1. If r is the Cβ-Cβ distance from Thr178 to Thr137 and R0 is 41 Å, what FRET efficiency results, to the nearest 0.05?
2. Taking amide hydrogens as modeled 1.01 Å from N in the peptide plane, which residues meet the under 5 Å criterion relative to Ala177, leaving out close sequence neighbours?
3. Under a point spin-label approximation (7 Å from Cα along Cα-to-Cβ), what is the Thr80-Thr20 distance to one decimal in nm?
4. Between Lys59 and Phe192, what is the label-point separation in nm under the 7 Å Cα-to-beta-carbon projection?
5. Can you give me the convex hull volume of the Cα atoms of the range 96-166, divided per residue and expressed in Å³?
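Values quoted throughout were computed directly from the atomic coordinates according to the rules given, and no laboratory measurement underlies them. Small disclaimer: the values here were computed from a predicted structure and weren't measured. Here the Cβ is made from the backbone with ideal geometry for all residues, glycine too, and neighbour counts use every protein chain on show.
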Amino acid sequence: MSVSLAKGQSVSLAKSSGGTLSVVRMGLGWKSAPGKRGFFSRRPKEIDLDASALLYDGKAMSDVVFFSHLVSNDGSVQHTGDNLVGGVGAGEDDESILVDLTKVPRRVTQIVFTVSSYSGQNFLEVQNAHCRLVDETTGQELARYDLTGGGTHTGQIMAKVEREGTGWKMTAIGAPATGRTFRDMLPFVEPFL
């Protein structure tokens, strides 16, 4: 059973059986919102959203996984590939980032997931956008955060996974940001570290 998170809410990533998760997948899905009625059609624009995972040692970024660097230097985090147009939306994922929590180096205290509009459209032009966390071993959706309300921003700090004792927890952030890439969004990420 999935947990729907609101901004700022957290969920422990410990299994209900008492064990800990080993591999999780952060999925991103979206659809382009229909454009204004034109003379010929109401065809949506193609929107290129990009999922990124920023790995932090305390408040210092130590690595990043995104469309141009698909695997973390230590191999614990892997992006499955860049989707240039989206289209799945509320159902499945258009882009995914796999995190093997058992292989994340101890120095990495948190992983922040962001989404940015590489093509520059704002979130008013996106619908059915979500991020979700899935137990990759069982396929069970653990948590889902729906990006609702749109906005004139071009980036979103979606969620973070951080160490909690010997395990991990996920916090939904849902904070708007401005930027076409994760680099542009770094000043917006800092308050959530």
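1. With R0 = 41 Å, the Cβ-Cβ based efficiency is 0.65.
2. Thr154, Gly155, Gln156, Ile157
3. Those two pseudo-labels are separated by 2.5 nm.
4. Inter-label distance under the simple model: 1.7 nm.
5. Per-residue hull volume (Cα only) is 119 Å³.
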